[in-house]
1. Using a probe of 1.4 angstrom, how much of the accessible area of segment 339-452 is carbon and sulfur, in percent?
2. Any chance you could look up the accessible area of THR296 with a 1.4 Å probe, heavy atoms only, rounded to 10 Å²?
3. Please work out the FRET efficiency for the pair ALA212 and ALA356, using the Cβ-Cβ distance as r and a Förster radius of 30 Å; give the result to the nearest 0.05.
4. Based on the Cβ-Cβ distance of GLU441 and ARG401, what FRET efficiency does E = 1/(1 + (r/R0)^6) give at R0 = 25 Å, to the nearest 0.05?
5. Extension gain ALA488-SER363, at 0.36 nm per residue separation less the Cα-Cα distance, in nm?
6. In whole angstrom, and with the biggest value first, how far do the Cα coordinates of segment 339-452 range along each principal axis?
7. Over 20 Å between Cα atoms: which of LYS190/LYS223; LYS267/LYS290; LYS290/LYS354 fall into that group?
8. Given axes a ≥ b ≥ c from the Cα gyration tensor, I'd like to know whether segment 471-534 is rounded (a/c under 1.5), prolate (a/b larger than b/c) or oblate.
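The values are calculated or read from the model by the stated rules, or taken from the named source; none is laboratory data. Everything numeric here is computed off the predicted structure, so don't read it as measured data. As a convention, Cβ positions derive from the backbone with ideal geometry for all residues, glycine included, and neighbour counts pool all protein chains shown. Accessible surface areas use protein heavy atoms only, side chains included; no ligands, DNA or RNA. Shrake-Rupley method; radii C 1.70, N 1.55, O 1.52, S 1.80 Å.
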Amino acid sequence: MISAAAAPTDRRPPDVSAENGWISENLPIECAVPDHVPLQSLLRASGLGFSKASSPHGDEPTERPDKALHGLTRDNGSRPPLVSALGAAAEEDVACFHFPGHRRGSAAPPSLAQLIGPAAFATTCRSSPTQREASKLFGSSETWFLVGGTTCGVQASVMATCSPGETLILPRNSHISATSAMVISGAVPKYVLPEYDPHWGIAGGVSPSQVAAAMEDLARDGKRPAAMLVTSPTYHGICSRVGEIAGLCHLAGVPLVVDEAHGGHFKFHREFPAAAMEQGADLAVQSTHKVLCSLTQSSMLHLAGDMVDRDRVGGASRPCRAPAPATSQLSENPAGIFDEAVALASEARDRIGKIAGISVLGSSGEFSGSPVMDPLRVTVLVAGLGISGYEADEILAEEHRILSELAGPSTVTFAINLGTRREDVERLAAGLGRLSASAAEGSREVQDIGGRRRAAPLEVPFEVPSVALSPREAFFARKRKVEVRRSAGEVCGELICTYPPGIPEALEFLLEAREKGAAISGAADCQLSSIVVCDS
Ligand SMILES: Cc1ncc(COP(=O)(O)O)c(C=O)c1O
């Protein structure tokens, strides 16, 4: 899996947790941020486990864990639950003969320990006492902490609801985790086309009436879906009407799974859209690492109601569960924590909206079918500048040191979060202002990259495909490579995407997106001169 944070572009900072798989064993330990304390400060502040005596590397002595943890108490003297649990583990006087092999940090690679802080290695919690806290906080009947990201949570949810050969209704713009979920479970897709805005080159949500129509379609063929999966919000922050869709599904006795990878923060501010659990979803999966502050790959799977068998969810999620908590400490003081981020996002929108040639998504009701949006996701349309989103992204990174979250054919998306500072917003507004001015002057900055300039929107990337083979059949089919120009009529044997966002798209779209500078993932030949197809 490639997470959003590990997008295949070499200008992003290294993702240490993803690149050092062995760290993931310890991942949950690093997942908490007490109140407003940024993760790095927490790690630095705690210095857990590296007493002078125990450091094999002759590092500078750091505070004893118990001492360091005193700095992490709250005003009322209590410790956040996760810090408590981890602190207790760090303070144990034990001889360790267990994994992970760095033995609570004493054998951690010094350079890495220096980079991410020794505390990251120091504690190993063998139970998950705070899953219950998370369940209360997020309004589920049960919550599981996952490693492997929402990718694994979506796979577990589909496995828990669909048996081989059963039908899963899902939007055509679902993340590849949904496709891999169908490979694993053997579910067969019934796709629903999302709303698509060709001007923006962005897909939105699916509507309740589309869901109803898909169910009716299936009923006409004598079939019944085993589950419905909705992505809400999308990568661009666009939300479907989850409550209405849940109502429809439940009337039909169909469980609703929500891929809420981008909505883990929704519970924590009145201006955020309602969370899927609040709207009647049966299962919701959230990437705790995306907008909340945990490390890459940590995620939560929430269950509610009695439509889905709890034990089946437990069994399906077992391989990707965190042995220790991955919760955030928001439960302690959620009120107000996102106030500043919401204000900064609003300021960013206002300032960017005034820049000539650039529009901000959400300012003029682009997606009438899914009008609710995450205010922290700021997507700008740059096609008016005569460059593609990929090109704008490149200029912003190289010339202005502004790193976005996502680029598309005509847009660039910026994620505002708890760590965003006013200086960041100022740099963003100034950088986009410069980009606009350069475009107006036809300056070198834009023209250099604009050798490839072609700002016309790409063709619609989605259509409802006829399902020649189920994802599982295609995955296990014998394959061969063919030249792209000879591939018409073949069944694609690869999951090819622009990444992010990680949504398998039509070949024509991919070819054009690659021309415009998109990073392509999942193809054996990333130049896309050939593709792998299934033998018929
Ligand atoms: C809509 C959606 N679902 C699922 C995922 C997978 O999330 P994770 O990185 O937590 O595995 C992503 C990743 O970007 C996504 O955009």
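1. Values: 2100 of 4560 Å².
The C+S portion of the solvent-accessible surface of segment 339-452 is 46 percent.
2. Around 20 Å² of this residue is reachable by solvent.
3. Values: r = 43 Å, r/R0 = 1.44.
In this case the efficiency is close to 0.10.
4. On the way: r = 21 Å, r/R0 = 0.86.
Plugging the Cβ-Cβ distance into 1/(1 + (r/R0)^6) gives 0.70.
5. Details: separation 125, 0.36 × 125 = 45.00 nm, distance 3.98 nm.
Fully extending the segment from ALA488 to SER363 adds 41.0 nm.
6. 40, 33, 22
7. Working: LYS190/LYS223 11 Å; LYS267/LYS290 14 Å; LYS290/LYS354 28 Å.
Result: LYS290/LYS354 exceed 20 Å.
8. Numbers: a/c = 2.10, a/b = 1.41, b/c = 1.50.
Cα axes put segment 471-534 in the oblate bin.
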